[in-house]
1. For region 238-248, give me each residue that is more than 22 Å from residue 224 (Cβ to Cβ) and touching a strand residue (DSSP E or B) at 6+ places or on another chain (Cβ under 8 Å).
2. Can you tell me which residue among 250, 263, 235 is touching a residue at least 12 places away in the same chain (Cβ under 8 Å) and touching a helix residue (DSSP H, G or I) at 6+ places or on another chain (Cβ under 9 Å)?
3. Which residue, of 84, 55, 106, is assigned to a loop (DSSP other than H, G, I, E, B) and out of contact with any strand residue (DSSP E or B) (no Cβ under 7 Å at 6 or more places or on another chain)?
4. Does region 154-165 contain at least one residue that is part of a strand (DSSP E or B), in contact (Cβ under 8 Å) with a residue 40 or more places away in the chain, in contact with a strand residue (DSSP E or B) (Cβ under 9 Å, 6 or more places away or on another chain) and under 18 Å from residue 248 (Cβ atoms)?
5. Just to verify a result, which residue in region 257-280, among those that are modelled with pLDDT of 90 or more and under 19 Å from the mean Cα position of the chain (by Cα), is surrounded by the most Cβ atoms within 10 Å (Cβ to Cβ)?
6. Looking at 209, 230, which is the one that is buried (at least 17 other Cβ atoms within 10 Å of the Cβ) and in the same structural domain as residue 153 (by TED's automatic domain parsing)?
7. Inside region 1-24, can you point out the residues that are modelled with pLDDT under 95, within 22 Å of residue 146 (Cα to Cα) and surrounded by fewer than 18 Cβ atoms within 10 Å (Cβ to Cβ)?
8. Considering only strands (runs of 3 or more DSSP E) fully contained in region 203-308, which possess at least 3 residues that are under 28 Å from residue 132 (Cβ atoms)?
């Protein structure tokens, strides 16, 4: 099924990194609508399409910003608020994380709002806002943001260097539904001591039952060389404050800097879904000792598991 465009010209364009979200709010005028966002790489940027018949037919893609706008970017993320407003977050080539809102079901979008400007790590010169870290030095890691929304808040979670610019950390910012910032950026992972560590490639989700914000990411804590990682998760019941100590969900460490490791590394995108039963399902790429290729792993856990 072709979603990227109904014409041959559109179909020949290069499309990258799709993101999908359903409007499940009973108070939304677009209840049941599914939205799809992705980047058209030929100078168009982030576009959004929607379907009202479970994906059988799709609207013509709408550009979130004009092609002439400097914020044409990559790594789109989608969320729908309680009243049906649609939010799109992405990263532009200058490492600005931005978010925009649609109040008309994805037909048009307001002016993008700046979430944060992410500075580079020392010696960093990777394209598309990437950061070079010891755990993935060849391809680097993205700083891409994940947007999630509930009845009163819109959260954006993303990667950024620590205040001392020694390492990569995870940050979160809170807005109200109109995208007015209500809290400055907060570091999600615990601060480092004398030994630096990296936390990267974060993904976020909201627990639909409790409202708690979950964040999962790769974590090099425990390895002073910062080369091996364990995928880990944390959660906060107080907006973007009061984070639990991150719990490793990968049972073993992974190291993609080994000579026999897959050159693609961990990839760019991980996953996290939380059901109405409050069970979280993180999905990540792993490269375990004794394996030459990366594989996709998942597990199931609850907030009680994070307290252990």
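1. Of everything in region 238-248, those that are more than 22 Å from residue 224 (Cβ to Cβ) and touching a strand residue (DSSP E or B) at 6+ places or on another chain (Cβ under 8 Å) turn out to be 239, 240, 241, 242, 243, 244.
2. Details: 250 fails: touching a helix residue (DSSP H, G or I) at 6+ places or on another chain (Cβ under 9 Å); 263 fails: touching a helix residue (DSSP H, G or I) at 6+ places or on another chain (Cβ under 9 Å).
Of 250, 263, 235, the one residue that is touching a residue at least 12 places away in the same chain (Cβ under 8 Å) and touching a helix residue (DSSP H, G or I) at 6+ places or on another chain (Cβ under 9 Å) is 235.
3. 84
4. no
5. 280
6. Of the residues listed, the single one that is buried (at least 17 other Cβ atoms within 10 Å of the Cβ) and in the same structural domain as residue 153 (by TED's automatic domain parsing) is 230.
7. Those that are modelled with pLDDT under 95, within 22 Å of residue 146 (Cα to Cα) and surrounded by fewer than 18 Cβ atoms within 10 Å (Cβ to Cβ): 16, 18, 24.
8. 213-219, 230-238, 280-286, 295-298
The values are calculated or read from the model by the stated rules, or taken from the named source; none is laboratory data. It should be emphasised that the depicted structure is a prediction, and the values quoted were computed from it without experimental measurement. Backbone-built Cβ (ideal geometry, glycine too); neighbour counts: all protein chains shown.
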